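The values are calculated or read from the model by the stated rules, or taken from the named source; none is laboratory data. No experiment lies behind these values; they were computed from the predicted model shown. Glycine also receives a Cβ, built like all others from the backbone with ideal geometry; neighbour counts cover every protein chain displayed. Please note that ligands, DNA and RNA were not included when accessible areas were found on the heavy atoms of the full protein model with its side chains. Shrake-Rupley method; radii C 1.70, N 1.55, O 1.52, S 1.80 Å.
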Amino acid sequence: MDATNITSPIQQNKKLIGFFAVASTIFAVVVVLGLLLTMLGNFVIEGVPGLSWDFITQAPRNNNQEGGIFPAIYGTTLLVLTMTMLGVPIGTITAIYLNEYANPNSFFSRLILFAVNSLAGVPSIVFGLFGVGFFIQFFGAGLDSLFNPSKVIWGQPAIIWASATLAVLTLPVVIISVNEALRSVPVSLREASLALGATKFQTIWKIVLPNSLTGILTGSILAIGRGAGEVAPIIFVGAVYSMPGLPNKLNDQFMHLGYHLFVLSTQSPNVEKTIPIQFATTLVLLLLTFVLSLTAIIIRSRLTKQLQG
Amino acid sequence: MAKQINQIKVKASDFCVYYGAKQALKDISMDILEKQVTALIGPSGCGKSTFLRSINRMNDLIPSAKFQGKIIIDETDVFNPSVDVVQLRRQVGMVFQKSTPFPKSIYDNIAYGLQLNQRISRSDLDDIVEQSLKGAALWEEVKNRLNDSALGLSGGQQQRLCIARAIAVNPEIVLMDEPCSALDPISTAKVEELITELKSKYTIILVTHNMQQAARVSDYTAFFYMGNLIEFDKTRTIFTEPNKKETEDYITGRFG
Amino acid sequence: MNKTSLLVKKENRWFETTIEFVIKSVASLSIILIFLIFLFVFRESFSLFQSKNSTVSTQVYSAPKVYNPESGTLKVKEALKKESSKTSITVWDTFFDSVWQPVGDNPKYGVLPLLIGTLKVTLIALLIGAPLGILAAICTSFFISAKWRNIIKPAIELLASMPSVVIGFFCLIIIASLTKDLFGLDLRLNALVGGIGLAIAIIPIIFTITDDALQTVPKTLREASLALGATEWQTAFKVMLPAATPGVFSAVLLGFGRAFGETMIALMATGNAALISMNPAGSVRTLAATIGAEMGEVIWGSDHYGILFLLGSILFLISFGINIVLEFYIKTRLLQKIQGKVG
Ligand SMILES: Nc1ncnc2c1ncn2[C@@H]1O[C@H](COP(=O)(O)OP(=O)(O)OP(=O)(O)O)[C@@H](O)[C@H]1O
Ligand SMILES: [Mg+2]
């Protein structure tokens, strides 16, 4: 700027406002990133000492105050795998319908999208209630009264119902991310296939789906990451604080990392004493969810880069 | 040499296309002869692609598109409700402006159309792949790397692969929508040479923006303007003594 | 080739037709699920509407018919009032009281403290989270280089995948002590701590949606503003942000919905005392946390059980209502706004 130019007080004022405006946005970014880093740093620093081979491979001892968390890792893994098997096919097919079959302006496809958005907004605790009201009380109990009227086999909290509940909860995640992937398959490839005399489904099966595998994978990973971290929906649909042995039937209950952390940190008789275990459990849970999400984000950004470049 | 008299292969009569309320083609009537190259020329947006994509009903994919009139291949109106679109598209191959190899191997690209509706023995498949690649003048260049990804080919090779892929299913008609517009002069020359060879077996309809190309490779030329078919005649006639002023203006580069 | 081969009977494509039907059916599952969720969550609270000693059961089962997506909450509340006179005295007499004390000989089911508590933490969360999320989005959209944007945006999105139980744990252990020391509070766990926790949960949501909204504002608007001599910050705050208002509003609304219904953070960080007070440092108990804390111990089928499902229905209806507002109001506003400015 010209040194001889005298800036008026109004201009100076404006500059000051501008400076504060920009500074405030940068401050916001710094605060948010700072929070993220503080949390991560804290968990790593406090959690790593508690981690050991025994911790992740042994069962808890002494009313969960000592020992490892293997049953919780096992239960969480089993839970999200079952969830994936139930939810990912349904989500993928829905996305295929929306993207390949439906006229995007039709009432029906708009209704589906509206339902998907609504599902995404439902509080997770409500899914838990739905798990109780629908899967356990209606579906499970219904099965019981049909096939074994005198016993309770399916009409009780169980890993299968928790998985089903989480599958419903993560359905929007899968649908939205597969939809994105399908949309990224160029129309020209579809046309080329159709022009060779392929039917619509042949085109989807042989061209569209193989070219959106990464997207389906990303969707599944995101769903797993989300599902593994959710505690509220499963508290009363099958998660338990401790149990003898591991779940080996679909109607068994199960231990869960997030629930374990919740109980240890809020309800156990000796919260102070187990703090190292709590941090170590947090770290394991984060590894499961966070690392999965990070992978998905990286795959996704590669994908978009590929499309742009 | 006695001039061979070709039969009419594709016959459009009073054919109209609407996109929503907008009319893209107006009462097109023309007879396209068998085993000849017919070029469609005209300024951008005049409806060439629309016409081409109506012949194999590719425009069915656009929800707003509405059709009127007839396009008759041999004796059948392609818009007849009992026509099976899939069958139609096997009989009418198509090559697009942008080459669209599938992200598969060269071999699988050619085999794709063949394996859709029938089981073929490996040796038969090998034969057809070889023939198609030879037919598209690509065999010598790729015979040692059939299992490599088709995406590794050059633009010109990719386009010839797409032609090979189209003729592998043994169509009767091949539609080409500006097949050379993304290619360098050498590749263009190769594809043009190929088109001339292919016409002994196939009826070819070619959209092009390149006047010289139309003049070089086509037997008949149709000039479209704003959705109308202005003039349709032997290529030589169109380029030397056009009947309509618009045609002459366009060919001499006075507009478009 | 056979000239009639073009004419193939349609039945030959039965496989295609079948598969399309199957795909369409599966796709409609999302719609069905939304209905089922409301139906079955609400159904479990039916016992409340059933008089324990009389005959109104036929009327009682007509309850789902009052469900109306347009004005869901209101109608249900009316229905509750109407039904309450006929039904068991204990539940409905205390429903609008200020005491929530569901266990004991004389249970009280006053939802008021829960509702106020939920609103209080949600408000705190929004007061903290909305400015941070929106300002951060403005920063990454306009004031930093693409290179930084490509680092910061995924980082903040990563925050979104932090499980809420982990955020709750962080509040419980770290934030609680920090705020207690900083402000000299009496209670470790209170609305402020819970609000901070919920803010951490909603910042990524608000950030992402605001960022999307800012990105969809036509670039020409920005260029025009800059060309007129406006500075970058003036353009960002006075042109781009206002143009993206509907998007920002939906970001805040979604953040509200998330905070309102969040369970684990509220359960772990707010202290869970069902008190009515305006003190941000006081302990509160939210609707969702109440369900989370009490569902585990409740006797299935009891009044208390039914009430918890009723609270769940309320949470559902609020989230559904938010989605309806987003769908029918904001999307059209956004379109109008963008088209109006450009076209
Ligand atoms: N999917 C569509 N929806 C609406 N209008 C369309 C669509 N496709 C084409 N049109 C319109 O129809 C008219 C004809 O388009 P067409 O693609 O057939 O032109 P063209 O002659 O092939 O042009 P070009 O030389 O640029 O390829 C144009 O005005 C175009 O805008
Ligand atoms: Mg065209």
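Tabulated results
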| item | result |
| --- | --- |
| Failed item in (1) of a type in the set (Gly, Ala, Ser); (2) under 30 Å from A:Lys15 (Cβ atoms); (3) crowded, with 23+ Cβ neighbours inside 10 Å; (4) more than 20 Å from the chain's Cα centre (by Cα), with C:Gly247 passing the rest | (4) |
| Yes/no for B:Phe102 being more than 16 Å from B:Met176 (Cα to Cα), surrounded by 17 or more Cβ atoms within 10 Å (Cβ to Cβ) and more than 16 Å from ligand 1 (Cβ to nearest atom) | yes |
| Residues of segment A:14-41 that turn out to be open to solvent by less than 30 Å² (accessible area, probe 1.4 Å) and touching a Cys at 6+ places or on another chain (Cβ under 9 Å), as a count | 3 |
| Only listed residue being under 19 Å from A:Ala195 (Cα atoms) and either at pLDDT 90 or above or within 16 Å of ligand 2 (Cβ to nearest atom) (or both), chosen from B:Gln213, B:Gln159 | B:Gln159 |
| Meets criteria (without any contact (Cβ under 8 Å) to a residue 40 or more places away in the chain, among the aliphatic types (A, V, I, L, M) and closer than 30 Å to C:Ile203 by Cβ) for A:Ile73 | no |
| Selected residue (only one of A:Leu257, A:Leu286, A:Leu261, A:Leu294 is under 23 Å from A:Pro123 (Cβ atoms), facing chain C (nearest Cβ under 9 Å) and surrounded by fewer than 24 Cβ atoms within 10 Å (Cβ to Cβ)) | A:Leu286 |
| Pairs with Cβ under 6 Å, 6+ apart, first in segment C:3-22 and under 12 Å from A:Phe201 (Cα atoms) and of a type in the set (Val, Ile, Thr), second at pLDDT 60 or above and surrounded by 12 or more Cβ atoms within 10 Å (Cβ to Cβ) | C:Ile19/A:Phe201 |
| Segment B:77-136, residues that are more than 7 Å from every other protein chain (Cβ to nearest Cβ), within 16 Å of ligand 2 (Cβ to nearest atom) and under 18 Å from A:Ile207 (Cα atoms) | B:Val95, B:Ser99 |
| Residue tally, condition polar (S, T, N, Q) and surrounded by fewer than 24 Cβ atoms within 10 Å (Cβ to Cβ), over segment C:261-284 | 4 |
| Scope segment C:231-244; condition assigned to a helix (DSSP H, G or I) and either within 14 Å of chain A (Cβ to nearest Cβ) or open to solvent by 20 Å² or more (accessible area, probe 1.4 Å) (or both); matching residues | C:Glu232, C:Trp233, C:Gln234, C:Thr235, C:Ala236, C:Phe237, C:Lys238, C:Val239, C:Met240, C:Leu241, C:Pro242 |
| Residue list for segment A:110-127, filter: in contact (Cβ under 8 Å) with a residue 12 or more places away in the chain and more than 7 Å from chain C (Cβ to nearest Cβ) | A:Leu113, A:Ala120, A:Phe127 |
| Whichever residue in segment B:21-70 is of a type in the set (Lys, Arg), within 10 Å of ligand 1 (Cβ to nearest atom) and away from chain A (no Cβ under 14 Å) and, among such residues, is least open to solvent (accessible area, probe 1.4 Å) | B:Lys48 |
| Criterion (within 13 Å of ligand 2 (Cβ to nearest atom) and out of contact with any strand residue (DSSP E or B) (no Cβ under 6 Å at 6 or more places or on another chain)) met by exactly one of B:Ser44, B:Ser49 | B:Ser44 |
| Of all residues making up segment B:4-20, the number that are open to solvent by 40 Å² or more (accessible area, probe 1.4 Å) and within 16 Å of ligand 1 (Cβ to nearest atom) | 3 |
| Flag for A:Leu166 being open to solvent by less than 10 Å² (accessible area, probe 1.4 Å) and closer than 23 Å to C:Val298 by Cβ | yes |
| From the options A:Gly87, A:Gly41, A:Gly47, A:Gly34, residue that is under 21 Å from the mean Cα position of the chain (by Cα), part of a helix (DSSP H, G or I) and small (Gly, Ala, Ser) | A:Gly87 |
| Top-ranked residue in segment B:6-20 [being aliphatic (A, V, I, L, M) and within 14 Å of another protein chain (Cβ to nearest Cβ); ranked as farthest from ligand 2 (Cβ to nearest atom)] | B:Ile8 |
| Segments classed as helices (runs of 4 or more DSSP H), wholly inside segment A:123-207, with at least 1 members that are over 20 Å from the mean Cα position of the chain (by Cα) | A:141-147, A:159-183, A:187-195, A:200-203 |
| Boolean, B:Ile186 is within 21 Å of B:Lys35 (Cβ to Cβ), away from ligand 1 (no atom under 16 Å from the Cβ) and among the aliphatic types (A, V, I, L, M) | no |
| Among residues of segment C:285-297, those that are assigned to a loop (DSSP other than H, G, I, E, B), closer than 21 Å to A:Val240 by Cα and open to solvent by less than 20 Å² (accessible area, probe 1.4 Å), counted | 1 |
| Residues (out of contact with any Gly (no Cβ under 8 Å at 6 or more places or on another chain) and within 10 Å of another protein chain (Cβ to nearest Cβ)) located in segment C:295-309 | C:Gly296, C:Glu297, C:Val298, C:Trp300, C:Gly301, C:Tyr305, C:Leu308 |
